[in-house]
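Student: Below are the structure tokens for one structure; questions will follow.
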Amino acid sequence: MITLNHYLVLAAVLFCIGLYGVLTARGALKIIICVELILNAINLNLAAFSVFVAPNEAVGASFVVFLIVMAAAEIGLALALIILLNRKSNISAVDSIRRLKG
């Protein structure tokens, strides 16, 4: 039988993979994908707690829907910025964005 602990361990593994990817990735697209992994880990936690702690209330499910909408908006905006930077300056790495400040 799958318990709440199984979901929490899976979410922790997803979160750690996403955090490691954010801290080590050099490409902007890889960082965005890893942020999405982190947000999915949070969604998994919210959905698991919603089902196991308060199954009759839809509070956790409403937070999950809100986070999915927020993640979709974040990925759309981030991809638009990456495409714009790549077209204008041919920049693909996050480290080279610093030279645009000056």
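Student: Pick from L81, L67, L39: which residue has the top mean-square fluctuation in a GNM of the chain where Cα pairs under 10 Å get a spring?
Tutor: Looking only at L81, L67, L39, the biggest GNM fluctuation is shown by L81.
Student: So what is the accessible area of the chain per residue, in Å², with the probe set to 1.4 Å?
Tutor: So the chain comes to 71 Å² accessible per residue, rounded to a whole number.
Student: I want to make sure I understand the PRE zone here: with the label point 7 angstrom from the Cα of V65 toward its beta carbon, which residues in region 16-51 have backbone N atoms less than 15 Å away?
Tutor: 47
Student: What angle do you read, to the nearest 10 degrees and between 0 and 90, between the alpha-carbon axis of helix 59-89 and the longest principal axis of the chain?
Tutor: 10 degrees
Student: Given contacts defined as C-alpha pairs under 8 Å and at least six residues apart, what's the relative contact order of the chain, whole-number percent?
Tutor: For the chain, the relative contact order is 27 percent.
Student: Return the single residue from G76, G60, G18 with maximal mean-square fluctuation; model: Gaussian network over the chain, springs between Cα atoms under 10 Å.
Tutor: Answer for the Gaussian network model of the chain: G76.
Student: Relative to the first principal axis of the alpha-carbon coordinates of the chain, what is the inclination of helix 4-24, with its axis defined by its Cα atoms, in degrees from 0 to 90 and to the nearest 10?
Tutor: 10 degrees
Student: Who wins for biggest fluctuation among I32, I42, I83 in a Gaussian network model of the chain, springs between alpha carbons below 10 Å?
Tutor: For the chain, modelled as a Gaussian network with Cα springs under 10 Å, the answer is I83.
Student: At q = 0.25 Å⁻¹, what is the log10 ratio I(q)/I(0) for the chain, with the Debye formula run over Cα points and no solvent?
Tutor: Once normalised to I(0) and log-transformed, intensities are -1.25.
The values are calculated or read from the model by the stated rules, or taken from the named source; none is laboratory data. Note that the coordinates shown come from a computational prediction; the quantities given were computed from them, not determined experimentally. Neighbour counts are summed over all protein chains in view; Cβ atoms, including those assigned to glycine, are modelled from backbone coordinates with ideal geometry. Just the protein is used for accessible areas: all its heavy atoms, side chains included, with ligands, DNA and RNA removed. Shrake-Rupley method; radii C 1.70, N 1.55, O 1.52, S 1.80 Å.
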